[in-house]
Amino acid sequence: MDIEAYISSAIIESYVLGLASEEEVSILNCIRKNNSAVDEAVIEAEKMLENLAEIQAVAMPISLKEKIWARLEDENLVGKNDAADLPPTVITSSDEYDTSLPNSSTEEQTAQMASLRSYGWAIAASVLLALSAGANLFFYQQQQQDRQMLAQTNTQLNSEQTALAVLQDKWALIQNPAIKTISLKGVETKPDLHALVYWDQQSKAVYLSLEHMPVPPKGKQYQLWAMVDGQPVSAGVFPVAASNQMASKMLDVAKAQAFAITLEDEGGKPSPTLTELCVMGNI
């Protein structure tokens, strides 16, 4: 450790003035036990503080002293003859002091006051540095919070824009007079499931929206079937990456009497797995 740098860091002044933290006090006490230079610097700072108090000391007005003593006598807190034994009382003032009290010369007083003034500036600089560091930390944390809130807002906005785009696509399909909407309801073992098929009667294009159906497990996909003359015909698999509420384009279907959805292995199958039948709806 650089002892000279430690002594000039204003930690000793903070210690003497009672401004140091518990950790700083503990460290300084440990160092001064093992380093005479630090110990001497602490003693010198304490002496300078005492000298400053003496320099600024002024005698208490006799009238005020007599009033205080009379009050103590009235409350029987002191004897009536005790006042004669008390030394002259002094109080401190930052504005004036009695130059007759100190024994040191004017030059010594001036030097001591200048030295303490320099210590005061060092302490003030340390306080300003601490305040500056605290302010920087506060603004950094505030900036991080603002960035986090902005990211959350952007995520929410993107989600809302996606949902709006899905609704606009569905609305366009519903508004098209050539589109026939078929509601596919959950089978007996899955009554809560629901899906919608949008079938263009002119172009024969088919769109599927999984309104209320759970996300398929990994390695599985929902597959749409068109019932044509009593036989299931694959209309394609619902894209894995697509949102359930999105109206996804499926394979064209020229004619059909009903539509159904099964849960199949990813990529689909040539024929449906009836035990995995989820929803079904007649046209």
For VAL228, VAL38, the accessible-area ranking with a 1.4 Å probe, largest leading, is VAL228, VAL38
One finds the C-alpha centres of region 10-44 and region 236-283 to be spaced, in Å, by 80 Å
The distance between the Cα centres of region 209-225 and region 169-190, in whole Å, is 16 Å
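How large, in percent, is the carbon and sulfur part of the accessible surface of region 140-283 at a probe radius of 1.4 Å? Spell out each step's value before the answer.
Values: 4820 of 8730 Å².
Accessible surface attributable to carbon and sulfur in region 140-283 totals 55 percent.
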Reported to the nearest 10 Å², SER203 has, with a 1.4 Å probe, an accessible area equal to 60 Å²
Expressed in nanometres to one decimal, the distance between label points 7 Å along Cα→Cβ at GLN145 and CYS30 is 3.5 nm
Within region 231-271, the residues whose backbone N lies under 17 Å from a label point placed 7 Å from the Cα of LYS218 along the Cα-to-Cβ direction are 240-241, 265-267
Sorting CYS30, CYS278 on solvent-accessible surface, 1.4 Å probe, most exposed first, gives CYS30, CYS278
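The values are calculated or read from the model by the stated rules, or taken from the named source; none is laboratory data. Predicted model only: the values in this text are computed from it and were never measured. Reconstructed Cβ throughout: ideal geometry from the backbone, glycine too, with neighbour counts over all protein chains shown. Side chains are part of the model used for accessible areas, which takes the heavy atoms of the whole protein and leaves out ligands, DNA and RNA. Shrake-Rupley method; radii C 1.70, N 1.55, O 1.52, S 1.80 Å.
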